[in-house]
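Reading through the structure tokens given below for one structure.
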Amino acid sequence: MAALGQTEWLPKQKLEQYQRSLVARVVRHAYDNVPFYRERLACLIGADGAVDLARWDEVPVLRRKEAAADSARMRVTQLPDYYGPIVDYATTGSSGVPLDFSANGMVLTTSNAGLTRLAAWFGADTSKPLARIRVYRDAEEIRYPEGATSKGWSRASPEAEVYDLDLLTPTDRQLEWLMRRRAPYLMSSASNLAGIAHIMSPAQARALNIKLVFGIAETITAHAREIVAQRMGARIAGIYSCQEVGHIAHECPQHGHYHVFAENMLVEILDDASRPTPPGELGQVVLTSLYNYATPFIRYAIGDVAVRSDEPCPCGRALPVLAEVHGRTRSGFLFRDGTRVWPRFWHARKMRAFVPFREFQLVQTDFETVEFRYVPDEKESPADFAGLRNFIATHLHASVTTRIIAVPEVEKGPGGKFEHFISLVTPPRA
């Protein structure tokens, strides 16, 4: 943790030099010990056998389906003790492609250090309890009404209590559980946090006195931030992560965008031809984990899209900036004329002005049709369905027809993750 307190303020050139040394180390390991990477990384091995990153762009981007199909060849079964114990994992399949992988202890250590740094950025006291509501592999042990209790959500405070509850617990029971636990810090997905905030009374909010909320697993909408601030009286500190590699980026406490966790991860934002996107343009998120030696992930496309910025953050930290994180690549809508549109989260606030909702999801079912599925918020003004249809046609595509469907609940995907924008349209084969 002390090291992270120094590296975040390093001059950009020194931070990049430090990161390159970590990349070279994991490349050396993968080339020597992981059969899957022998050919993929050959372009980085010079005639003298040394690692040379000058041809980094020639390393093929690793797709999730490819990793899932060849996961056994991507793993090692033994590592020196200083890498930490190897643990086997399986993703929830929220992307549609479950993946088996392994991680060594360093991955958990560095992610926890990132969480501890984020807590410090937002002024949280890691010696106080944290309540976590998320998906667990062994959910039977985390069920309502008690959940589970352990210690040490931050390694800076190993005695601090941690309260865990399964995300699939009904929202009213989650709130009742929180009232019994009375933790000043809460961690859950953005949609779940918004659901809790929506049913929370002012008296309950005062009794809970939640100081800070950590948002995980989903893109955090402006609506989620607003309702958590209004009903809970708390800020959301965003954590961008994925199961395979751990923490990717953390929200800047002063300016709202995300700082890449550069000490743990090399993050590239690339176009469809695997070239770096210009600043301000959406591109696919491609990661290289700097500490997973059990299953190296090198130039791994996780299926998300984001926008990078080359502007230094006014906060003074040298960590690279992600201006926007938009989640899954399948949130891009494709129309018959070849136009592809990425709905932006500012659209959600505009749509809420036409149709007040507690939750929403916009799903493209074919080239000409989208479904706006929403849980009505009947406490607010009447709905303007015609206005919503015009707004969607203006900002997505003039040809689109919008079906508006009120639902009691918007279904979550595998792993309890919630996606606001989904396209079910498959691009035609060339």
Toward the positive end of the charge dipole of the chain, about the Cα centre and with charges on Cβ (Lys, Arg +1; Asp, Glu -1), which of Leu53, Ile405, Trp177 goes farthest?
Trp177
Residues Arg340 and His255, FRET efficiency given R0 of 30 Å [Cβ-Cβ distance, rounded to 0.05]
0.55
Under a plain spin-label model, where a point goes 7 Å from the Cα along Cα-to-Cβ, how far apart in nm are Ser201 and Asp52?
7.2 nm
So if I place +1 on the C-beta of Lys and Arg and -1 on the C-beta of Asp and Glu, and nothing else carries charge, what would the dipole magnitude of segment 62-185 be about its Cα centre? I want it in debye, nearest 20.
360 debye
Take every Cα pair under 8 Å in segment 1-329 that's 6+ residues apart, average their separations, divide by the length, and report that relative contact order as a whole percent.
17 percent
Could you size up the charge dipole of the chain around its Cα centre, putting +1 on the beta carbon of Lys and Arg and -1 on that of Asp and Glu, and report it in debye to the nearest 20?
520 debye
How far apart, in nm, are two points set 7 Å out from the Cα along the Cα-to-Cβ line at Asp272 and at Gln17?
4.0 nm
Filtered trypsin sites (Lys or Arg not before Pro), segment 169-206: DSSP coil and at most 15 other beta carbons within 10 Å
Arg182
Residue among Ala262, Gly280, Asn292 farthest towards the positive dipole end of segment 255-338, charges placed on Cβ:
Asn292
Among Ala160, Thr149, Gln243, which residue has its Cα positioned farthest towards the positive end of the charge dipole of the chain, with +1 placed on the Cβ of Lys and Arg, -1 on the Cβ of Asp and Glu, and the dipole taken about the Cα centre?
Ala160
As a Kirkwood estimate from alpha-carbon pairs, the chain has a hydrodynamic radius in angstrom of 22.9 Å
Calculated Rg and Dmax of segment 1-76 using C-alpha coordinates, Å
15.0, 40
Calculated from DSSP H runs of 4 or more alone, at -39500 (n - 2.57) each and per residue, what is the 222 nm mean residue ellipticity of the chain, nearest 500?
-7500 deg cm²/dmol
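The numbers here are math on the coordinates, done by the rules we state, and not lab data. All of these numbers come straight from a predicted model, not from anything done at the bench. FYI the Cβ positions are ideal-geometry reconstructions off the backbone, even for glycines, and counts take in every protein chain you see.
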